[in-house]
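I have placed the structure first, in the form of structure tokens, so that the comments after it can refer back to it.
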Amino acid sequence: MIRALALLAALLFAQPAQADAFSEAVAGLSAGGFGEKIKAVETLAALGDARAVPILRAMAEGRLLARPDGALVIDGHDATTGQPAEAEGALAVSINNRLRSAIQGAVGRLGLVSPDPAERGRAAQAVLDSPSPESAAMLRKAIERETDAAVMTAMRFSLAALDLGDADPARRLAGVAALADSSLDPQVRGLLTRLAQSDSDAGVAGAARQALEGAETRLRALRIAENLFQGISLGSVLLLAAIGLAVTFGVMGVINMAHGEMIMLGAYTTFAVQEAFRAWAPAWALDFYLVAALPAAFLVSAAIGIALERGVIRFLYGRPLETLLATWGVSLMLQQLVRSLFGATNKEVANPSWMTGGIELAGGVMLTWNRVVIVLFAVAVLAGLAALMRWSFFGLGMRAVTQNRAMASAMGIPAGRVDALTFGLGSGIAGIAGVALSQIGNVSPNLGQGYIVDSFMVVVFGGVGSLWGTLVASLSLGVVNKFLEPYAGAMLGKILVLVFIILFIQKRPRGLFALRGRSAEA
Amino acid sequence: MKSLRAVAGAGVVAAATLWGGVAQAADTIKVGVLHSLSGTMAISETTLKDTVLMMVDDINKKGGLLGKKVEAVVVDPASNWPLFAEKARELLAKEKVSVVFGCWTSVSRKSVLPVFEELNGLLFYPVQYEGEESSRNVFYTGAAPNQQAIPAVEYLMSEEKVERWVLAGTDYVYPRTTNKILESFLKSKGVKAEDIMINYTPFGHSDWQTIVADIKKFGTGGKKTAVVSTINGDANVPFYKELANQGVKATDIPVVAFSVGEEELAGIDTKPLLGHLAAWNYFQSVKNPTNEAFIKKWHEFIKSAKRVTNDPMEATYIGFKMWTQAVQQAGSTDVDAVRQAMYGQKVMAPSGFESVMNTNNHLSKPVMIGEIQADGQFQIVWQTKGPVKADAWSDFIPESAKLNADWTYPWVCGNCAEPKYKAAGF
């Protein structure tokens, strides 16, 4: 009882003293230049007070406001006391990257004393972002207290990494030994490389070099896998851009220079749908605006495609040069139309949260979600189109008209309507390609121009009229391009691919998968 | 009464039209606007056309210039470099404009340069560029490399302790020259060749996977790494998206850009880009009365409070103000008289500093470094104490270090190692 009372008394007396140091440190956060602020953050972190965590987080996120009278306010509450406070005339406390890492480190160290194991696990990771001797000391203490096995492993790992910067060579050597197995991790590689290059102790440098070399083979294999994924991803973008053209140019034989603009219209439809969702849809639905954008983009592009076919192209069948010029003119008109409707500047189309970021495989190799989704989406679109052409009645009519128009008409197929619908289908697919491409590139009136040459390249290389040819051509061009790029650079890589296609077309004028039969002669 | 006056006004206008072009030419001062309104560069240049129109509108509201109305003659060179030269000739020879505000890319400027020199025209060029030029007929109101690139790199060296550098750019004259200057600057600061990675990509490059992965790999070299980006135009959006998706954070590998401003960020979701940097001479977020008035005027003119202002717009503003002041001082729009009046001309700029036109046809401007915020604006993290004088010929390229630009006596030259006129021996 007496002990409890004494404790209470001690607490009562100790509290103000600590609170003073605490509020003093907090007040320092808005003072002077970045250098002073960093010192204030370090002082605050050294107090080991968990109340500092929300304040520092708010600071990193720009929510910490400083009133002209010096008081600090977070979301309408005083930062130290938590009492409601006026934020009139308050400005956000300015921070820069160095300060931001200092805050991350401080929050990380403070998280080590959190009662929540998940929080401690995150903290064990976070201390690595801003290595310092203080972090190492705190981590060492935290490990002694730690009960959770998983968190313990994470802490040991971080400690080993921090030890690499220790003044004592023995500790550094121990750190290298502990990390040798995980030398694929980019952060660890960075630390080890520094040791290998510039450690004063030859033993430590040698051990670091050995650890780095041990992972070399696996790293090389990973790089190849990464290149392959990037190639497939580029290929799927080419496939999406070209697949609509494979219908209009490949099946119908129309040289449609406005194909890129159909993609652009799809992207702008995505933008419009996104804006509509932002204005009217409930918050949970915002992430799924793309689902609504797909049919909308298909309909918009298809409608414009059909209008183009009925209004211009049908009068020009069999006159490729005039078709080329007419559709080129239409493409310029569409660009200018969009420019006057939406303005010349880029439009912001945000990735939904399920398409942001990525999954990190070993060795810093990233699979980004938007790329993964686009690869799957491209395959789905191709499969859907192939099924439509193979099994539906419309697909049958389409194939009949392109193979022998006169005979198809004689059999009662309305050739004119099939033409219009086929062109509409090709344009509509370009529209949904636009939905996907708006997720990786910018949405501007010139968007289509970047894809038109690539699209023709893929269709010609794959063999006019063959969907499989389009698939194989786009994937192989993507992969070849990505394997050339690290050696030749983006510029030369592109040129080499073009040269390769020109040579290939000399040898096989009809592309990879040449169609045999009547349509091939036309 | 008011409607009566309107009717009378309409009558006067009608009469003036009947009188024909002769009367009109005498009553107005023509200002040429040579910015692409279609094609690749329309995205950036349309805004500058609007800025000039805003300034013309503004000066007409205040009673015009030398008692005359100012009339803007807008042409569209359509992002087509040879067409720039053709349109410039049309403006100078046919429309007889007193001054031209125009061009964005260096290649378009190089294309119109011979026309302006041949016909003795006057061009105000409002965009940051690679330097290595000073024409008598051009006033450069954007930044030279020593007003943008060099201070930005110095900031990263001292404040973020960067030791390893990726110089990434679009493949044309501005990035190539800037990177050449930066490379020799970095080497003069003791950075080793293996700590510099240079990478060029075509215009409108959209697949950044390999390059971003390479940057990440380069960043594991055991030293703090930063990217200096001279990537231009459309290619920026996919670049930043790829950076964000591959998880390259500004605290690990900061990217400092010289061609990304408020206008470019309007097309990107900036939340993942928090802390990446840009170097300019002006940001919309600068707090001072001149800037507030500038932003207010822009929002009223463009009739949208959502539109942003940016550095080339500010440079256009400064250029236009200086030109009107010089015309008033000279009492004429004659090119030679106005040029002489330009030197030493001062304008209180929206950056909050007084900009001065130097005798090398370049401005003195402050340098600012800003970090991207979640709302698409920049927060200024560093700025020079005062305006920095532009150096047309960089000191970091050996062949240009000895050259000087000065269009006043005794130099009278844009690229000379020695004055054209020897000082007489008295």
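The values are calculated or read from the model by the stated rules, or taken from the named source; none is laboratory data. Being a predicted model, the structure only gives us computed values, none of them experimental. Don't worry about glycine lacking a Cβ; one is built from the backbone with ideal geometry, like all the others, and counts go over all protein chains shown. Side chains are part of the model used for accessible areas, which takes the heavy atoms of the whole protein and leaves out ligands, DNA and RNA. Shrake-Rupley method; radii C 1.70, N 1.55, O 1.52, S 1.80 Å.
Numerical summary
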| read-out | value |
| --- | --- |
| DSSP-defined antiparallel bridges as percent of all bridges, chain B, nearest 5 | 35 percent |
| Note, ³J(HN,Hα) from phi for the stretch A:388-398, Karplus 6.51, -1.76, 1.60, rounded to Hz, x at Gly and Pro | 4, 6, 7, 10, 8, 5, 4, x, 4, x, 4 |
| Cα convex hull volume per residue for the stretch A:395-469 (Å³) | 110 Å³ |
| Dipole moment magnitude, nearest 20 debye, the stretch B:272-426 about Cα centre, only Lys, Arg, Asp, Glu C-beta charged | 340 debye |
| Apportionment of accessible area to carbon and sulfur, chain B, percent (1.4 Å) | 57 percent |
| Accessible area expressed per residue, the stretch A:223-521, with surrounding protein chains retained (probe 1.4 Å, Å²) | 43 Å² |
| A:Ala292-A:Phe315 pseudo-label distance in nm [points 7 Å out on the Cα-to-Cβ vector] | 3.9 nm |
| Interatomic Cα distance distribution for the stretch B:148-193, bins of 10 angstrom, percent | 25, 58, 16, 0 |
| Potential extension, B:Ser184-B:Ser332 segment - 0.36 nm per residue separation minus Cα distance | 48.8 nm |
| The stretch A:223-521, relative contact order [Cα under 8 Å, separation at least 6], % | 37 percent |
| Between the stretch B:157-172 and the stretch A:437-465, the alpha-carbon center distance in angstrom | 32 Å |
| Dipole of chain B, positive end: most advanced residue of B:Val256, B:Thr270, B:Val70 [Cβ charges, Cα centre] | B:Val70 |
| Extension gain, A:Glu24 back to A:Asp69 (0.36 nm per residue minus Cα-Cα distance, nm) | 14.7 nm |
| Dimensions in Å of the stretch A:423-464 - Rg and Dmax from alpha carbons | 11.3, 31 |
| Convex hull projection area averaged over all views, the stretch A:17-173, Cα basis, nm² | 9.9 nm² |
| Surface/4 estimate of mean projected area, convex hull on alpha-carbon atoms of the stretch B:253-303, nm² | 4.5 nm² |
| Solvent-accessible area buried by A and B, counting both chains, probe 1.4 angstrom, square angstrom | 4100 Å² |
| FRET efficiency, 1/(1 + (r/R0)^6) with R0 41 Å, evaluated for B:Ala78 and A:Ser182 via beta carbons | 0.15 |
| Alpha-carbon centroids, the stretch B:119-136 and the stretch B:229-257: separation in whole Å | 30 Å |
| Drop in accessible area of at least 50 Å² in the complex versus isolated chain, residues of the stretch A:414-463, 1.4 Å probe | A:Asn442, A:Asn446 |
| Within chain B: Cβ-based charge dipole about Cα centre, in debye rounded to nearest 20 (Lys, Arg +1; Asp, Glu -1) | 860 debye |
| Share of Cα-Cα pairs in the stretch B:368-426 lying beyond 16 Å, as whole percent | 64 percent |
| Accessible-area composition of the stretch A:223-521, carbon plus sulfur, in percent [1.4 Å probe] | 72 percent |
| Residues A:Ala410 and B:Lys296, FRET efficiency given R0 of 60 Å [Cβ-Cβ distance, rounded to 0.05] | 0.25 |
| Label point at A:Leu337 placed 7 Å out along Cα→Cβ; residues across the stretch A:282-312 whose backbone nitrogen lies under 13 Å | A:300-312 |
| Cut-off 19 Å (backbone N to label point 7 Å along Cα→Cβ of B:Asp58), residues of the stretch B:382-419 | none |
| Residue range of chain A that is longest and free of GluC sites (Glu not before Pro) which are both DSSP loop and sparsely packed (at most 16 other C-beta within 10 Å) | A:89-522 |
| Gain in span if fully extended, A:Ala362 to A:Asp148, counting 0.36 nm per residue against the direct Cα distance | 74.6 nm |
| Surface per residue (accessible, 1.4 Å probe) for chain B, Å² | 37 Å² |
| Average Cα contact separation per residue, chain A, under 8 Å, 6 or more apart, as relative contact order % | 15 percent |
| In the stretch B:278-350, the trypsin sites (Lys or Arg not before Pro) that fall in loop regions by DSSP, at most 15 other Cβ within 10 Å | B:Lys287, B:Lys303, B:Lys306 |
| FRET efficiency estimate (nearest 0.05) - Cβ-Cβ, A:Asp116 to A:Thr81, R0 30 angstrom | 0.75 |
| Scattering profile of the stretch A:441-481 at q = 0.14, 0.34 Å⁻¹ [log10 I(q)/I(0), Debye over alpha-carbon scatterers] | -0.36, -1.05 |
| Members of the stretch A:338-370 that become less accessible by 50 Å² or more once partner protein chains are added (1.4 angstrom probe, chain alone as reference) | A:Ala344, A:Thr345, A:Asn346, A:Glu348, A:Met366 |
| Per residue, the convex hull volume that the Cα atoms of the stretch A:223-521 enclose (Å³) | 145 Å³ |
| Angle in degrees between helix A:289-311 and the longest Cα principal axis of chain A, rounded to the nearest 10 | 20 degrees |
| Relative contact order of chain B, pairs being alpha-carbon contacts under 8 Å that are 6 or more residues apart, as % | 15 percent |
| Inter-part distance where the stretch B:207-224 and the stretch A:204-239 are each reduced to a Cα centre, Å | 12 Å |
| Protein-protein interface of the stretch A:482-507, residues with accessible area decrease of at least 10 Å², isolated chain reference, 1.4 Å probe | A:Lys482, A:Glu485, A:Pro486, A:Ala490, A:Met491, A:Lys494 |
